[in-house]
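The values are calculated or read from the model by the stated rules, or taken from the named source; none is laboratory data. Since the model is a prediction, treat every value here as computed from it, not as a measurement. Every residue, glycine among them, receives a Cβ derived from its backbone with ideal geometry; neighbour counts consider all protein chains shown. Just so you know, the surface numbers come from the protein's heavy atoms only, side chains and all, with ligands and any DNA or RNA stripped out. Shrake-Rupley method; radii C 1.70, N 1.55, O 1.52, S 1.80 Å.
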Amino acid sequence: MISSQLHGGALMKVVVTVYYEALCPDSKYFLTKQLLPTFKIAKSIMEVKLAPYGKAKTKEHNGKITFDCQHGPIECQANIYHACAAEIIEDPLLRLEVATCMIMDNHSPQEAMNKCTSQINFDDSVIQNCFESYRGVDLLKVIGESTNSLRPPITFIPTITIDGSQGRQESILKDLLSEVCKAAGDSREVKDICKI
């Protein structure tokens, strides 16, 4: 697999993209029980991309973009907060910790974002500005386009791709670490992390 090749002397990381919804119980379970714990073990061999949109629909009317989300308008707000946080927080572990923290209680999205960013001493005004400006809506629209371009189309949320492939969803949802390890190849670093 290409991800296991050395590229310019650096290990190519396994790219894990998570297509999820902020109020989806299965998404919450995956982020808290699989994604964050796996990333803490294997962050040197994996890159995580968050795509908070799921089965939402993007609507454009008179130049204004709105969203219709599976779990209602609060989920749309929460998805935008997640999209803004994912773009703004540069540290991969902190980004994932904030997303996981927010998904624990997204029924009041702004409060969740405030609480979760304060735990890592992150200036939440930047995320709030993204949410309140066109930037947040634009981010969610782009994530929606990427979600809707998946082939095969999404039927279950969350859907996870590993290096662009949707194969083995059932296994990914139950044991992400072993699937990342399978995709990562057999370098010494991978063997140390995966205990192969």
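Data table
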| quantity | calculated |
| --- | --- |
| The chain - mean residue ellipticity at 222 nm from DSSP helices (-39,500 (n - 2.57) per run, n ≥ 4, rounded to 500) | -14500 deg cm²/dmol |
| Spatial extent of the range 43-196: Rg and Dmax, with the Cα atoms as the point set, Å | 16.8, 56 |
| Unpartnered cysteines - no second Cys beta carbon under 4.7 Å - across the chain | Cys24 |
| Cβ-derived FRET efficiency at R0 41 Å, Glu90 paired with Glu170, nearest 0.05 | 0.80 |
| 0 to 90° range, to nearest 10: angle between helix 73-88 axis and the chain longest Cα axis | 50 |
| Rounded if a/c under 1.5, otherwise prolate or oblate - the range 118-196, Cα gyration tensor axes | oblate |
| Share, in percent, of DSSP beta bridges within the chain that are antiparallel, nearest 5 | 65 |
| Highest-fluctuation residue, Asp26, Asp91, Asp68 considered, GNM on the chain with Cα pairs under 10 Å | Asp91 |
| Value of relative contact order over the range 50-149, rounded to a whole percent, pairs C-alpha under 8 Å and six or more apart | 33 |
| Gap separating the Cα centres of the range 60-106 and the range 108-137, nearest whole Å | 10 |
| Relative contact order of the chain, defined on C-alpha pairs under 8 angstrom at six or more residues apart (%) | 31 |
| Efficiency of FRET between Lys115 and Ile154 - r from beta-carbon atoms, R0 25 angstrom, step 0.05 | 0.25 |
| Percent accessible area from carbon and sulfur atoms, the chain, protein chains only, probe 1.4 Å | 53 |
| Degrees between helix 109-118 axis and first principal axis of the chain (Cα, 0 to 90, nearest 10) | 50 |
